[in-house]
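The values are calculated or read from the model by the stated rules, or taken from the named source; none is laboratory data. Since this is a predicted model, take the numbers as computed values, not measurements. With ideal geometry, Cβ positions are generated from the backbone for all residues, glycine too; neighbour counts draw on all protein chains shown.
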Amino acid sequence: MNNTLAICAAWLITGLSAHAAASQPNIVHIVADDLGWKDVGFNGCKDIKTPNLDKLAAGGAKFTQFYAQPMCTPTRACLMTGRYPWRYGLQTMVIPGTAGYGLDTSEWLMPQCLAEVGYTTAIIGKWHLGHADLKYWPKQRGFDYAYGATIGELDYYTHGDAGVLDWFRDNKPVHEEGYTTTLIGDDAVRYINKQDPSKPFYLYLAFNAPHTPYLAPKEIIAKYSSIADPTRRTYAAMVDCLDENIGKVVAALDKKGLRDNTLILFHSDNGGTHNAMFAGQMADVSKIKIPCDNSPYRDGKGSVYEGGCRVVALANWPGHIKPQTVDGIIHVVDLYPTLAKLAGASTAKCKPLDGVNVWDVIAENKPSPRTEVIYNVEPFRGSVRQGDWKLIWRTLIPTSVELYNLAEDPYEKNNVAAAHPDKVAALQARLNALGKESTKPLALEYLAGVGLKHDKPIIGSESGQPQALIGNGGGPLITDEGFGENDTHP
């Protein structure tokens with residue numbers, strides 16, 4: 001009798017597991033890097049061809065109010081945690097290549113969550129959530145497989161920065177030739193081909209295109225000879241190659257027989273670069289026209305205007321997402337609880353989530369449960385949207401306040417703060433409350449440490465002679481606030 005019960009129990013568990021696996025979608029989450037709003041065909045681009053993305057958008061949900069954070073690291077942290085980046089200090093800038101900090105290891109990340117319900121997980125592409133210590137790397141944060149770069153910017157052909165290789169597979173350096181966009185696409189195809197159709201997978205496919213430096217294969221650049229500006233021509237080729245490799249991934253899913261049970265999400269990590277300050281360190285943009293196009297929205301990457309945070313995005317899953325334009329508000333923090341719910345995964349191990357489940361918005365174009373977007377909370381600025389009202393508050397002297405009604409003025413041309421003091425006060429109070437909940441920005445602490453490190457002062461000379469030294473020129477100078485022996489005078 002006991003044997004019979006055991007056999008029945010085993011059969012029941014096996015049957016339930018098989019049913020759960022059959023109902024769990026594969027998830028291919030594709031993120032572009034610094035892609036402009038109007039640099040894809042489905043958002044009106046005329047000079048760059050994106051047929052594969054356009055086809056996905058036509059057969060699925062095309063979003064008009066999908067929000068990310070203003071820069072790369074903060075957005076990627078939101079994706080992995082379902083929490084706004086000021087909760088753990090990643091709200092300001094990106095993680096510099098010389099910095100040692102990363103995404104707080106106490107956060108319970110998306111791959112860890114999905115693995116608990118049987119998902120195989122992989123990141124192919126760019127991480128940018130900590131690189132100096134292996135404890136921050138994706139293999140240590142829940143991904144079964146990891147291939148690509150750890151930092152924010154790398155050469156497309158040498159796969160590194162400043163002579164340092166940044167190209168790894170499962171934590172081991174990879175020396176190979178090729179253009180990174182193509183290498184990432186090819187590896188994603190190999191990964192899909194290896195998957196067991198009976199087991200769901202989560203693939204975080206994070207291209208570094210079309211981030212600076214502006215480099216592309218000559219044969220693709222040649223396709224865009226009609227574009228007069230040489231940088232825009234190269235940028236067009238970068239986006240074209242990105243689209244081509246996304247097409248290869250979709251084709252691999254079709255060939256493997258997985259397409260009908262695969263949700264594809266695509267979006268940019270922030271708006272396209274508009275200001276040279278945010279163009280990265282590997283490209284000299286002083287003599288070129290920055291090629292990204294965020295029109296009709298204002299500004300771009302690094303900015304809390306709509307052009308920096310309202311990003312190009314789509315979702316496609318045959319038979320599950322209606323072909324439609326979705327106007328409901330979605331923020332990247334919403335993807336974590338939405339995907340967890342689809343997968344049947346628990347978020348109990350997460351810290352309190354800022355994201356909400358928006359599946360009905362994505363699939364059915366129902367009203368969004370999200371009525372507020374926090375663009376960012378930093379010591380020197382903050383921005384919040386509630387309903388149609390958006391406040392931008394710069395707190396450094398001279399302070400400034402801007403208020404926009406996005407329903408009437410989505411392009412942020414008419415600052416109506418003076419006409420609505422009560423609305424300004426209410427939104428400022430909200431930002432102040434969030435500021436009290438915030439962790440200090442790790443980037444500012446890092447920069448303060450670098451900036452205050454002691455070194456020799458650089459002092460000019462009329463004669464152009466080398467700096468005059470005191471004694472042998474060694475040891476701390478008298479400006480050293482350590483107050484050591486060299487600060488003592490007779």
Next item on the list: Go through the residues of segment 393-414 one by one and say whether even a single one is under 25 Å from the mean Cα position of the chain (by Cα), part of a loop (DSSP other than H, G, I, E, B) and among the aromatic types (Phe, Trp, Tyr).
Entry: yes
Note to self: Looking at Asp254, Asp284, can you tell me which residue is without any contact (Cβ under 8 Å) to a residue 24 or more places away in the chain and either assigned to a helix (DSSP H, G or I) or of a type in the set (A, V, I, L, M) (or both)?
What the structure shows: Asp254
Notebook entry, point to check: Is segment 396-403 home to any residue that is in contact with a Ser or Thr (Cβ under 7 Å, 6 or more places away or on another chain), at negative phi, surrounded by 14 or more Cβ atoms within 10 Å (Cβ to Cβ) and modelled with pLDDT of 95 or more?
Noted result: no
Note to self: Filter segment 134-151 down to the residues that are surrounded by 23 or more Cβ atoms within 10 Å (Cβ to Cβ) and in contact with a Ser or Thr (Cβ under 7 Å, 6 or more places away or on another chain) and list them by number.
What the structure shows: Phe143
Check: Does Ala448 count as over 30 Å from Pro369 (Cβ atoms), under 29 Å from the mean Cα position of the chain (by Cα) and crowded, with 17+ Cβ neighbours inside 10 Å?
Finding: no
Notebook entry, point to check: Quick one: what pairs do we get from segment 31-56, first residue without any contact (Cβ under 8 Å) to a residue 60 or more places away in the chain, second of a type in the set (D, E, K, R), C-beta under 9 Å, 6+ apart or different chains?
Noted result: Gly41/Lys49; Gly41/Asp54; Gly41/Asp243; Gly44/Lys38; Asp54/Asp243
Checklist line | Leu114 being without any contact (Cβ under 8 Å) to a residue 40 or more places away in the chain, assigned to a helix (DSSP H, G or I) and crowded, with 21+ Cβ neighbours inside 10 Å | finding: no
Checklist line | First in segment 353-382 and within 20 Å of Pro70 (Cα to Cα), second anywhere and in a loop (DSSP other than H, G, I, E, B) and of a type in the set (Val, Ile, Thr), Cβ under 6 Å, 6 or more apart | finding: Arg370/Ile329; Arg370/Val356; Tyr375/Val304; Asn376/Val304; Glu378/Thr92; Phe380/Thr395
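In this structure, is Asn316 crowded, with 24+ Cβ neighbours inside 10 Å, under 23 Å from Asp269 (Cα atoms) and more than 19 Å from the chain's Cα centre (by Cα)?
yes
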Note to self: Within segment 24-56, take every residue that is in a helix (DSSP H, G or I) and out of contact with any Pro (no Cβ under 9 Å at 6 or more places or on another chain) and give me the one that is farthest from Ile227 (Cα to Cα).
What the structure shows: Leu56
Next item on the list: Output the number of residues of segment 56-73 satisfying the condition of being buried (at least 17 other Cβ atoms within 10 Å of the Cβ) and more than 21 Å from the chain's Cα centre (by Cα).
Entry: 1
Next item on the list: Could you tell me whether segment 95-102 includes any residue that is closer than 21 Å to Phe266 by Cα and β-branched (Val, Ile, Thr)?
Entry: no
Notebook entry, point to check: Identify, please: which residue in segment 263-289 is of a type in the set (Val, Ile, Thr) and surrounded by 23 or more Cβ atoms within 10 Å (Cβ to Cβ) and is, among those, nearest to the chain's Cα centre (by Cα)?
Noted result: Thr273
Margin query: Going through Thr338, Thr325 one at a time, which residue ends up being part of a strand (DSSP E or B) and β-branched (Val, Ile, Thr)?
Written below: Thr325
Next item on the list: Please enumerate the residues belonging to segment 41-55 that are in contact with a strand residue (DSSP E or B) (Cβ under 9 Å, 6 or more places away or on another chain) and under 30 Å from Val94 (Cα atoms).
Entry: Phe42, Asn43, Leu53
Notebook entry, point to check: If Cys72 satisfies every condition in (1) out of contact with any helix residue (DSSP H, G or I) (no Cβ under 9 Å at 6 or more places or on another chain); (2) under 12 Å from Thr150 (Cβ atoms) but one, which is the exception?
Noted result: (2)
Note to self: Return the pair list, or none, for Cβ contacts closer than 6 Å from residues in segment 163-184 that are of a type in the set (Lys, Arg) to residues that are surrounded by 12 or more Cβ atoms within 10 Å (Cβ to Cβ), at least 6 apart or on different chains.
What the structure shows: Arg169/Tyr147
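Picking from Leu203, Leu215, Leu154, which residue would you name as being outside any loop (DSSP other than H, G, I, E, B), in contact (Cβ under 8 Å) with a residue 24 or more places away in the chain and within 26 Å of Lys301 (Cβ to Cβ)?
It is Leu203.
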Next item on the list: Under 9 Å between Cβ atoms, at least 6 apart or on separate chains: pull out the pairs that start in segment 328-351 with a residue that is surrounded by fewer than 22 Cβ atoms within 10 Å (Cβ to Cβ) and end on any residue that is at pLDDT below 95.
Entry: Gly344/Ala20; Gly344/Ser23
Margin query: From the list Val424, Val377, Val356, exactly one residue is β-branched (Val, Ile, Thr) and touching a Pro at 6+ places or on another chain (Cβ under 7 Å). Which is it?
Written below: Val356
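How about segment 121-140: which of its residues are touching a helix residue (DSSP H, G or I) at 6+ places or on another chain (Cβ under 7 Å) and assigned to a helix (DSSP H, G or I)?
Keep residues of segment 121-140 that are touching a helix residue (DSSP H, G or I) at 6+ places or on another chain (Cβ under 7 Å), which gives 121-125, 127-130, 134, 140.
Of everything in segment 121-140, those that are touching a helix residue (DSSP H, G or I) at 6+ places or on another chain (Cβ under 7 Å) and assigned to a helix (DSSP H, G or I) turn out to be Leu134, Gln140.
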Next item on the list: Answer yes if at least one residue in segment 77-96 is free of Cβ contacts under 8 Å to residues at least 40 places away in the same chain, surrounded by fewer than 24 Cβ atoms within 10 Å (Cβ to Cβ) and either not acidic (Asp, Glu) or not in a loop (DSSP other than H, G, I, E, B) (or both), and no otherwise.
Entry: no
